[in-house]
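The structure appears right after this line, and notes come after that.
The values are calculated or read from the model by the stated rules, or taken from the named source; none is laboratory data. Please read these numbers as outputs of a predicted model, since none were measured by experiment. Cβ placement follows ideal geometry from the backbone for every residue including glycine, while neighbour counts extend to all protein chains displayed.
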Amino acid sequence: MAYTFKLLPVFSAALIALASPVLARDITHELGTTDVPDDPKRIVVLEFSYIDALASVGVAPVGLADDGKRDRVIAPYIDVIGDDWVSVGTRKTPSLEIIASLQPDLIIADKTRHTAAYDTLSEIAPTIVLDSLGGDYHASVAQMAAIGTAIGKSVEMEARITAHKATMAEYVAQIKPKAEGIAAQFGVTNAKGLWLHSPRSYNGSLLEMFGFDSNMETADGAVYEKVYVPTTLEQLSEIDPDLLLVGAYADPSFVDGWAGETLYENLTSVKADQVLPVTAHNWSRLRGMLAAEMTAADVVRIMDALE
Amino acid sequence: MTRRARITLPSLVLLLTLAFVWSLSVGAVKIPASVIINTLFDLDGDQQRFIINRSRLPRSLLAVLTGGAMALSGVIVQALLRNALASPKIIGINSGAALAVLLGTSLAPDLALAWLPLVALLGGTLAAGTIYGLSALRPMSPERLILVGIAVGLVCDAGVDFIMVTASTFEISAPLVWLTGSLWARGWQHLSAVWPFLSLLSALCLCLFFRLDLMRLGTSQATALGVNVRLERFVLLAIATLLASISVSVVGVIGFVGLMAPHIARQLVGGRHGVLLPTAMLIGALLVVLADATGRVLVPPLEISAGILTALFGAPFFVFILLTSRMETRE
Amino acid sequence: MSHSVTAHGAGKLPRGLAVGLALAVLFSGALFSLATGGRSDVGLTDLWAPEGIAATVIYDTRAPRMFAATLLGLNLSLSGLILQAATRNPLASPAILGLNQGAALGLSLGLVLPLFSGVPLQVMALVGAFGAGVVTFAISGGFTGRMDSLRLVLGGVAVGAFSYAMVRFAFTLEDELARSVVRWTVGDITDIRWPAVRRLALWGLPGLFAALALSQRLNLMALGQASAQGLGADSRITLLLGTLIAAALTGVSVSVAGPIAFVGLVVPHLAKLLFGGDHRILVPVSALLGAALMLYADGVSKVLTAPVEAPVGVVVALIGAPWFLWQTVFARDLS
């Protein structure tokens, strides 16, 4: 069956050519190459990390996917991008009608979620697709550079990335001496379970960069291939991190239910009173430079308090 | 054609037309009627090219086409299995397609996401073929087909559940949306890929009404009337399988239509397939068009999947007619 | 009334040997369940004289989980056996009736709709399960006493499909919710502790005795309605009592572990295959085999995708569904 729509690229290329009369550039991304206008003014972004990227260079999107909850775009972003953007709905199924009504000249979408909609999005405006959800911290910083090029602000973005790396290096310098020999672990808990973010995950790679160890790597022969690992109390007691950072989406959470159990009370982190809450939304959903700096500041605060 | 059918069919056509127009005129963005007309007929003045021509129009057409196809598939399956509670789900389409999509996504995500419709089509037809093959190991009867169909469906569902609990939810985000049966982001490219097949199969199906009437008599009587039951059952099942799995491949699991539409149609015009088939087709189309349009306007900018709304609105009605007409449901 | 036994033929194995085998399977399953778990350093050798961390692992997490698996197997297989006998329908079981999908629907509504946020999720699951069961039962004509086997399975599939369509609503909203729903809607005993075990035992053990007391009536049901009445057992009372016991056993299981399918469907058939049709034997044997199946499934759930655990519900489904398929394709009593 002909699922290759041969005419479509030709057609959308024609549309794009009409929409962007001046100075188009080729941007290569996960799903191909797209002609992007030189200086896009009306940008729609469909993942939180892209908001971070735009905010990093002071660009305000006209529309963004906030899951229908405006407060998911946190204050540090609002400070930069203002409050004039339009919600285009959920990240899973953003409303294409609203996106079209915003008359964007660039759409930034996510590979995992929006591959099926790529052709349709491309009919609205030049669309680039990046892998926001899959990668770790270093991949997300690399993406920032790509977004900078796409929005015609590669110089500003490079400068911001350099500044970000310097900031992070400062944080790392503060944290690393204290993190020496400490196994830290981040996990997200809701009412039904605890999911540890493995060293392969975004947060795992951040903690590694800060100089923390991870006990999830040393299990005998067993490998945690997943990014997010559903974890029982018994497994947690084997991983037994020195520092357990928990982002809770429910109150009381699943982890709260373990209080009082011998196995839980015997965890190294519990005995040392080092099970610490962090903001689940900021740690688990957001990613990017500003997000990473906030995470780093959280960790600095935590490590200072521990002394 | 009975008097009832003479009234019912035109009324349904009218209703479907109204629903179609409504579907073109509503969505997350409010557009004045004048702009819609300007856009559709390319008149001077304000136009909304993408929203009307490239989003709402192909979506609504796709809803008509797939809704009709799933309903026709349901009629065939119910006639062959001689049971008004059967549906394309019984011949494994939904579960097979779901398993294939999830398996594909977890094994080769890049490939499966790009080729999701094809993977789904493959899964649906494979499951149907398996059910047919396993049923044929013993003398085949409608009861046997139903039981084997349910068992194969349960095996696929077990696989689906296993993948859903072990995979990270973000990795299977797109398949999960597809599983709910949604016309989100469907456009001309999807329509152009399926309409030749679906129209051809639907037309073929409408022409075969008299064979279905014969099949409904049961194996022995049909054989006595000179019908090659084995061959015809195979051909009809193949048509039903393709109709349902092609639809499912582009719009996802809107499984309830194939069960409900034939049922409502039978209440309206009776069991003769000459009128039952077109009636069911119109009702199926109507259901999906209404569900899709409602899903767009209910809580914008969020979209509610058509599959969820067909189930939500259809199920209470379905249970009601089932309970009030118990004697008639067994064909 | 011993003819009720011979009507179905005696067991195919010598009874003593068979019971011995079943017990051996049960105990090895229990050891398997106890010896596996999240801590790879606690194993079989720690079972006799556990010390320190091993003691708390064994006593506080693995032992209650092992007993929970045992009792769940007992409850679910008995409720399947009773339902099948009382309705004289070999397919009557929670999985087929759509109970599991109904429970999932109840849970999802509780998670998604603010309207139900005050109601405990277990209660939502129970209400959903019973709602689905009642609708399926009504569709199949169960309340009029003329239950049709095909209508039952088809009605169950329809009710299940409807429930799942609604459950999947959560999938379109956000990942966090989808993750909770997926996790809630498969049977899961990873976080079982002693209070839940006590709850299961409180219902399961009286349920076992009630089933034993009912077994002669169930034998009479097998002879057909007319003969049962002739022998002084009103089939409607048997149906009512049977449904009540089955409902209670299923209900407590769903409330503790969530929906676990296939135990109630598969185990009674296996028991009949091995031991014939006398319910006085089938009741204890089904309980035994059900417990053994759950124990093995629990063990497998811990090693299948190690070091990550798979919920026991999907493991049972991965074992039970193919077995059911095999049975429908090759066995004569179903099709």
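Filter region C:187-217 for residues that are of a type in the set (Lys, Arg) and touching a Pro at 6+ places or on another chain (Cβ under 7 Å) and give the result.
Matches in region C:187-217: C:Arg193 only.
Scan region A:118-139 residue by residue and report those that are within 26 Å of A:Ser201 (Cα to Cα), within 14 Å of chain B (Cβ to nearest Cβ) and small (Gly, Ala, Ser).
Correct list: A:Ser132, A:Gly134, A:Gly135.
So, B:Val26, is that one within 14 Å of chain A (Cβ to nearest Cβ), surrounded by fewer than 19 Cβ atoms within 10 Å (Cβ to Cβ) and β-branched (Val, Ile, Thr) or not? Give the steps one after another, and end with the answer.
On the way: within 14 Å of chain A (Cβ to nearest Cβ): yes; surrounded by fewer than 19 Cβ atoms within 10 Å (Cβ to Cβ): yes; β-branched (Val, Ile, Thr): yes.
Considered against the rule, which asks whether it is within 14 Å of chain A (Cβ to nearest Cβ), surrounded by fewer than 19 Cβ atoms within 10 Å (Cβ to Cβ) and β-branched (Val, Ile, Thr), B:Val26 comes out as yes.
Being more than 14 Å from chain A (Cβ to nearest Cβ) and part of a helix (DSSP H, G or I) is the filter here; which residues of region B:29-47 pass it? Even if it seems obvious, please write down each step before you answer.
Kept after step one, since they are more than 14 Å from chain A (Cβ to nearest Cβ), are these residues of region B:29-47: B:33-34, B:37-38, B:40-45.
Listed by number, the residues that qualify are B:Ala33, B:Ser34, B:Ile37, B:Asn38, B:Leu40.
Give B:Ser249, B:Ser192, B:Ser202 a once-over and let me know the one that is within 14 Å of chain A (Cβ to nearest Cβ), crowded, with 16+ Cβ neighbours inside 10 Å and either in contact with a strand residue (DSSP E or B) (Cβ under 9 Å, 6 or more places away or on another chain) or polar (S, T, N, Q) (or both). Full working, then the answer.
Numbers: B:Ser192 fails: crowded, with 16+ Cβ neighbours inside 10 Å; B:Ser202 fails: within 14 Å of chain A (Cβ to nearest Cβ).
Sole residue among the options that is within 14 Å of chain A (Cβ to nearest Cβ), crowded, with 16+ Cβ neighbours inside 10 Å and either in contact with a strand residue (DSSP E or B) (Cβ under 9 Å, 6 or more places away or on another chain) or polar (S, T, N, Q) (or both): B:Ser249.
Select, from A:Val59, A:Val88, the only residue that is hydrophobic (A, V, I, L, M, F, W, C) and in contact with a Leu (Cβ under 8 Å, 6 or more places away or on another chain). Walk me through it before giving the result.
Values: A:Val59 fails: in contact with a Leu (Cβ under 8 Å, 6 or more places away or on another chain).
Result of the check over A:Val59, A:Val88: A:Val88.
Name every residue in region B:135-164 that is more than 19 Å from the chain's Cα centre (by Cα), at the interface with chain C (Cβ under 7 Å from one of its Cβ atoms), of a type in the set (A, V, I, L, M, F, W, C) and surrounded by 21 or more Cβ atoms within 10 Å (Cβ to Cβ), in order of residue number.
Answer for region B:135-164, where residues must be more than 19 Å from the chain's Cα centre (by Cα), at the interface with chain C (Cβ under 7 Å from one of its Cβ atoms), of a type in the set (A, V, I, L, M, F, W, C) and surrounded by 21 or more Cβ atoms within 10 Å (Cβ to Cβ): B:Leu147, B:Val148, B:Ala151, B:Val152, B:Leu154, B:Val155, B:Ala158, B:Phe162, B:Met164.
Residues in region A:253-268: is at least one more than 28 Å from A:Phe48 (Cβ to Cβ) and among the charged types (D, E, K, R)?
Step one: of region A:253-268, the residues more than 28 Å from A:Phe48 (Cβ to Cβ) are A:257-268.
Those left that are additionally among the charged types (D, E, K, R): A:261, A:265.
Checked region A:253-268: at least one residue is more than 28 Å from A:Phe48 (Cβ to Cβ) and among the charged types (D, E, K, R).
What is the one condition in (1) among the small types (Gly, Ala, Ser); (2) within 14 Å of chain A (Cβ to nearest Cβ); (3) surrounded by fewer than 24 Cβ atoms within 10 Å (Cβ to Cβ) that B:Gly271 does not satisfy?
(2)
Since B:Leu62 meets every condition but one in (1) touching a His at 6+ places or on another chain (Cβ under 7 Å); (2) farther than 24 Å from B:Leu298 by Cβ, which condition does it not meet?
With (1) touching a His at 6+ places or on another chain (Cβ under 7 Å); (2) farther than 24 Å from B:Leu298 by Cβ applied to B:Leu62, the lone miss is (2).
Spot the failing condition for B:Ile264; the list is (1) over 20 Å from B:Ile91 (Cα atoms); (2) within 13 Å of another protein chain (Cβ to nearest Cβ); (3) among the β-branched types (Val, Ile, Thr), and only one is missed.
All conditions pass for B:Ile264, except number (2).
Taking strands (runs of 3 or more DSSP E) that do not extend beyond region A:114-212, which have at least 1 residues that are without any contact (Cβ under 8 Å) to a residue 60 or more places away in the chain? It would help to see each step written out before you state the result.
Values: elements: A:127-130, A:184-189, A:194-197.
So the answer is A:194-197.
Quick one: which residue in B:Leu24, B:Leu14, B:Leu122 is in contact with a Ser or Thr (Cβ under 7 Å, 6 or more places away or on another chain) and in a helix (DSSP H, G or I)? Write out each step before concluding.
Numbers: B:Leu14 fails: in contact with a Ser or Thr (Cβ under 7 Å, 6 or more places away or on another chain); B:Leu122 fails: in contact with a Ser or Thr (Cβ under 7 Å, 6 or more places away or on another chain).
None of the others qualify; the one that does is B:Leu24.
Which of (1) within 25 Å of C:Leu212 (Cα to Cα); (2) at pLDDT 90 or above; (3) crowded, with 24+ Cβ neighbours inside 10 Å is the odd one out, the single condition C:Leu288 does not satisfy?
Against the list (1) within 25 Å of C:Leu212 (Cα to Cα); (2) at pLDDT 90 or above; (3) crowded, with 24+ Cβ neighbours inside 10 Å, C:Leu288 comes up short only on (3).
In region A:86-117, which residues are facing another protein chain (nearest Cβ under 7 Å) and among the basic types (Lys, Arg)?
Start the filter on region A:86-117 by keeping residues that are facing another protein chain (nearest Cβ under 7 Å), which leaves A:87-90, A:92-93, A:95-98, A:100-101, A:112-113, A:115-117.
Those that are facing another protein chain (nearest Cβ under 7 Å) and among the basic types (Lys, Arg): A:Lys92, A:Arg113.
Kindly evaluate C:Ala196 against the criterion of being more than 8 Å from every other protein chain (Cβ to nearest Cβ), within 30 Å of B:Thr169 (Cβ to Cβ) and either aliphatic (A, V, I, L, M) or free of Cβ contacts under 8 Å to residues at least 60 places away in the same chain (or both).
Working: more than 8 Å from every other protein chain (Cβ to nearest Cβ): yes; within 30 Å of B:Thr169 (Cβ to Cβ): yes; either aliphatic (A, V, I, L, M) or free of Cβ contacts under 8 Å to residues at least 60 places away in the same chain (or both): yes.
Yes.
State which residue is nearest to the other protein chains (Cβ to nearest Cβ) when the search covers only region C:36-83 and only residues that are of a type in the set (A, V, I, L, M, F, W, C), over 24 Å from the mean Cα position of the chain (by Cα) and surrounded by fewer than 24 Cβ atoms within 10 Å (Cβ to Cβ). Don't jump to the end; show me each part of the working.
Quick first cut of region C:36-83, residues of a type in the set (A, V, I, L, M, F, W, C) only: C:42, C:44, C:47-49, C:53-55, C:57-58, C:63, C:66-69, C:71-72, C:74, C:76, C:78, C:81-83.
Narrowing the set further to residues that are over 24 Å from the mean Cα position of the chain (by Cα) leaves C:42, C:44, C:47-49, C:53-55, C:57-58.
Still in the list and also surrounded by fewer than 24 Cβ atoms within 10 Å (Cβ to Cβ): C:44, C:47-49, C:53-55, C:58.
Working: C:Leu44: 16, C:Leu47: 15, C:Trp48: 19, C:Ala49: 18, C:Ile53: 7, C:Ala54: 11, C:Ala55: 9, C:Ile58: 10 Å.
Here the residue is C:Ile53.
Considering every residue within region B:303-322, establish whether at least one is in contact with a Leu (Cβ under 7 Å, 6 or more places away or on another chain), more than 30 Å from B:Leu116 (Cβ to Cβ) and either away from every other protein chain (no Cβ under 14 Å) or surrounded by fewer than 24 Cβ atoms within 10 Å (Cβ to Cβ) (or both). Please lay out each step first, then the result.
Within region B:303-322, the first condition is being in contact with a Leu (Cβ under 7 Å, 6 or more places away or on another chain), and the residues that meet it are B:304, B:306, B:310, B:314.
Right, trim to more than 30 Å from B:Leu116 (Cβ to Cβ) and you get none.
There is no residue in region B:303-322 that is in contact with a Leu (Cβ under 7 Å, 6 or more places away or on another chain), more than 30 Å from B:Leu116 (Cβ to Cβ) and either away from every other protein chain (no Cβ under 14 Å) or surrounded by fewer than 24 Cβ atoms within 10 Å (Cβ to Cβ) (or both).
Condition (residue is closer than 30 Å to C:Ser149 by Cα, touching a Pro at 6+ places or on another chain (Cβ under 8 Å) and in contact (Cβ under 8 Å) with a residue 40 or more places away in the chain) applied to region B:57-72: is it met by at least one residue?
Yes: region B:57-72 contains one or more residues that are closer than 30 Å to C:Ser149 by Cα, touching a Pro at 6+ places or on another chain (Cβ under 8 Å) and in contact (Cβ under 8 Å) with a residue 40 or more places away in the chain.
Is it the case that B:Ala280 is in a helix (DSSP H, G or I), in contact with a Leu (Cβ under 7 Å, 6 or more places away or on another chain) and within 30 Å of A:Thr93 (Cβ to Cβ)? Let's see the steps before the verdict.
Values: in a helix (DSSP H, G or I): yes; in contact with a Leu (Cβ under 7 Å, 6 or more places away or on another chain): yes; within 30 Å of A:Thr93 (Cβ to Cβ): yes.
Spelling it out, B:Ala280 is indeed in a helix (DSSP H, G or I), in contact with a Leu (Cβ under 7 Å, 6 or more places away or on another chain) and within 30 Å of A:Thr93 (Cβ to Cβ).
Residue pairs, Cβ under 6 Å, 6 or more apart or interchain, first in region C:292-312 and among the aromatic types (Phe, Trp, Tyr), second part of a helix (DSSP H, G or I). List them.
C:Tyr296/C:Gly29
Matching residues to (1) over 24 Å from C:Arg183 (Cβ atoms); (2) crowded, with 16+ Cβ neighbours inside 10 Å:
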{"residue": "A:Leu243", "(1), (2)": "yes, yes"}
{"residue": "A:Thr262", "(1), (2)": "yes, no"}
{"residue": "A:Ala280", "(1), (2)": "no, yes"}
{"residue": "A:Gly288", "(1), (2)": "yes, yes"}
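Counting just the residues of region C:291-335 that are part of a helix (DSSP H, G or I) and in contact with a Pro (Cβ under 8 Å, 6 or more places away or on another chain), which one comes out nearest to the other protein chains (Cβ to nearest Cβ)?
So in region C:291-335, the residues part of a helix (DSSP H, G or I) come out as C:291-303, C:312-330.
Imposing the further condition that a residue be in contact with a Pro (Cβ under 8 Å, 6 or more places away or on another chain) reduces the set to C:301, C:313.
Numbers: C:Ser301: 10, C:Gly313: 8 Å.
Filtering region C:291-335 for residues that are part of a helix (DSSP H, G or I) and in contact with a Pro (Cβ under 8 Å, 6 or more places away or on another chain), the one nearest to the other protein chains (Cβ to nearest Cβ) comes out as C:Gly313.
Take region B:87-124 and flag every residue that is under 14 Å from the mean Cα position of the chain (by Cα) and facing chain A (nearest Cβ under 10 Å). It would help to see each step written out before you state the result.
First, the residues of region B:87-124 that are under 14 Å from the mean Cα position of the chain (by Cα): B:87-95, B:97, B:120-121, B:124.
B:Leu121 - this is the single residue of region B:87-124 that is under 14 Å from the mean Cα position of the chain (by Cα) and facing chain A (nearest Cβ under 10 Å).
Would you mind finding the one in C:Val153, C:Val134 that is modelled with pLDDT of 80 or more and surrounded by fewer than 19 Cβ atoms within 10 Å (Cβ to Cβ)?
Values: C:Val153 fails: surrounded by fewer than 19 Cβ atoms within 10 Å (Cβ to Cβ).
Going through C:Val153, C:Val134 in turn, just one is modelled with pLDDT of 80 or more and surrounded by fewer than 19 Cβ atoms within 10 Å (Cβ to Cβ): C:Val134.
Every residue, every condition in (1) within 14 Å of chain B (Cβ to nearest Cβ); (2) out of contact with any Gly (no Cβ under 7 Å at 6 or more places or on another chain), yes or no:
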{"residue": "C:Ile245", "(1), (2)": "no, no"}
{"residue": "C:Leu265", "(1), (2)": "yes, no"}
{"residue": "C:Leu270", "(1), (2)": "no, yes"}
{"residue": "C:Phe275", "(1), (2)": "no, no"}
{"residue": "C:Leu282", "(1), (2)": "no, yes"}
{"residue": "C:Leu289", "(1), (2)": "no, yes"}
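Go through region B:48-81 and give me each residue that's outside any helix (DSSP H, G or I) and in contact with a Leu (Cβ under 9 Å, 6 or more places away or on another chain). Break it down into steps so the answer makes sense when it comes.
Residues of region B:48-81 that are outside any helix (DSSP H, G or I), as a first pass: B:48, B:81.
Correct list: B:Leu81 only.
In region A:51-84, what residues are within 12 Å of chain B (Cβ to nearest Cβ) and under 24 Å from A:Gly152 (Cβ atoms)?
Here is the first cut: in region A:51-84, the residues within 12 Å of chain B (Cβ to nearest Cβ) are A:63-70.
Matches in region A:51-84: A:Gly63, A:Leu64, A:Ala65.
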